[in-house]
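I have placed the structure first, in the form of structure tokens, so that the comments after it can refer back to it.
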Amino acid sequence: MVGRIEDSSDIPVNLWKVAGLRSVVSSRVITVGDIASQDMTECASFAQQSALAVEKVTKIHPQRKYLVLLPRTNAEFAKWTLGTSSDDDGMYVAPQSSGAAGWIAIDTGESIGSGATVLDNPSFLEHVVRHEFFHANTLPEIDSVGNAPKWVIEGFAEWFASSADVVFPQHAPPAVLPTKDHEFAHDTKTHAYARSFMFISYLVARFGQAAAIRFYKRALEPAYGTTAASFAHVFGHSLASVEHAWAQQYRKQVAGLTVDVYEA
Ligand SMILES: [Zn+2]
């Protein structure tokens with residue numbers, strides 16, 4: 001198990017030198033971390049379930065197992081994500097070179113208030129794991145994102161994660177698509193993730209999951225042109241007209257949410 005990590009250049013992290021490292025291997029996932037053994041077991045179980053669930057939705061079945069890293073502290077999380085993470089609860093680190101594999105890291109030490117961490121809220125933990133698995137399953141290459149904007153990439157990951165629980169702001173943000181990628185870096189102000197999630201959920205409800213996934217895959221492919229072109233091709237309506245229709249029903253959509261975690 002640790003062989004893959006030790007021998008491979010996939011993960012430029014000196015992981016095998018960490019004291020108290022544990023691993024759990026399931027049919028689809030290798031989970032490695034230095035957290036308590038019962039937490040490892042729980043996370044590994046969410047990871048395996050997420051892997052099976054995402055492959056069922058996307059019909060993408062990678063040959064190799066997914067790798068999930070579970071650092072105990074925020075400092076380790078920063079190292080195990082190569083310092084690319086900020087205050088995220090989880091992260092998918094895309095492959096560092098062509099042909100290498102990416103990996104998922106969950107910030108198990110991340111505070112969710114009142115001295116609790118993500119490990120203390122299983123449905124939120126499962127949400128984080130599912131979100132990252134959507135990325136890991138659909139973005140296997142160094143450049144998989146293509147020219148897809150973040151509202152597509154993050155909106156679909158949040159939609160897939162929402163079956164574990166729904167994370168939403170206390171006060172609903174406006175029904176406007178966050179089309180500028182930099183809005184995602186200031187999420188506490190923009191709630192770009194929540195807005196994208198609501199739009200993708202609307203797409204799935206209106207056009208069906210299969211069409212929505214077709215659009216997602218097409219949006220990743222630069223050869224198909226702009227996101228708006230892929231959108232019109234798959235759904236037979238312009239992005240602008242569907243965004244307008246989404247805004248029309250938004251209040252009702254918000255009222256129908258069952259939210260587990262409210263953000264400030
Ligand atoms: Zn994400």
Q. Taking the condition loosely packed, with under 14 Cβ neighbours inside 10 Å and hydrophobic (A, V, I, L, M, F, W, C), does ALA194 pass?
A. no
(Q) So VAL254 passes all but one of these: (1) touching a strand residue (DSSP E or B) at 6+ places or on another chain (Cβ under 6 Å); (2) assigned to a helix (DSSP H, G or I). Which condition number does it fail? (A) (1)
Q.
Return the residues of the range 21-52 that are surrounded by 18 or more Cβ atoms within 10 Å (Cβ to Cβ) and assigned to a loop (DSSP other than H, G, I, E, B); say none if nothing qualifies.
A. ARG28, ASP34, ILE35
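Quick grid of which residues meet (1) without any contact (Cβ under 8 Å) to a residue 40 or more places away in the chain; (2) of a type outside the set (A, V, I, L, M); (3) buried (at least 19 other Cβ atoms within 10 Å of the Cβ); (4) under 27 Å from PHE231 (Cα atoms):
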{"position": "VAL54", "(1), (2), (3), (4)": "no, no, yes, yes"}
{"position": "LEU70", "(1), (2), (3), (4)": "yes, no, yes, no"}
{"position": "THR84", "(1), (2), (3), (4)": "yes, yes, no, no"}
{"position": "TRP103", "(1), (2), (3), (4)": "no, yes, yes, no"}
{"position": "LEU119", "(1), (2), (3), (4)": "no, no, yes, no"}
{"position": "HIS127", "(1), (2), (3), (4)": "no, yes, yes, yes"}
{"position": "PHE133", "(1), (2), (3), (4)": "no, yes, yes, yes"}
{"position": "ALA157", "(1), (2), (3), (4)": "yes, no, yes, yes"}
Q: Considering only the range 6-20, state which residues are crowded, with 16+ Cβ neighbours inside 10 Å, part of a loop (DSSP other than H, G, I, E, B) and at pLDDT 70 or above.
A: VAL18
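For (1) basic (Lys, Arg); (2) more than 26 Å from GLY83 (Cβ to Cβ); (3) within 11 Å of the ligand (Cβ to nearest atom), each residue gets a yes or a no:
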{"residue": "SER111", "(1), (2), (3)": "no, no, no"}
{"residue": "VAL118", "(1), (2), (3)": "no, no, no"}
{"residue": "ARG130", "(1), (2), (3)": "yes, no, yes"}
{"residue": "PHE160", "(1), (2), (3)": "no, yes, yes"}
{"residue": "ASP181", "(1), (2), (3)": "no, no, no"}
{"residue": "SER201", "(1), (2), (3)": "no, yes, no"}
Q: Could you grab me the full set of residues in the range 230-242 that are surrounded by 14 or more Cβ atoms within 10 Å (Cβ to Cβ) and closer than 19 Å to ASN147 by Cβ?
A: SER230, PHE231, ALA232, VAL234, PHE235, LEU239
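When you check PHE197 against the structure, is it in contact (Cβ under 8 Å) with a residue 12 or more places away in the chain and more than 16 Å from the chain's Cα centre (by Cα), yes or no?
No; evaluated as a whole, the condition is false for this residue.
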Q: Those residues that are assigned to a loop (DSSP other than H, G, I, E, B) and more than 18 Å from the chain's Cα centre (by Cα), I need them from the range 72-81; list them, please.
A: ARG72, THR73
(Q) For the range 92-200, give me every one of the strands (runs of 3 or more DSSP E) that falls completely inside it and has 1 or more residues that are under 18 Å from SER50 (Cβ atoms). (A) 103-106, 166-169
Q. From the list SER196, SER201, which one is in contact with a Gly (Cβ under 7 Å, 6 or more places away or on another chain) and modelled with pLDDT of 95 or more?
A. SER196
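The values are calculated or read from the model by the stated rules, or taken from the named source; none is laboratory data. Predicted model only: the values in this text are computed from it and were never measured. Positions of Cβ are backbone-derived with ideal geometry, glycine not excepted, and every protein chain shown enters the neighbour counts.
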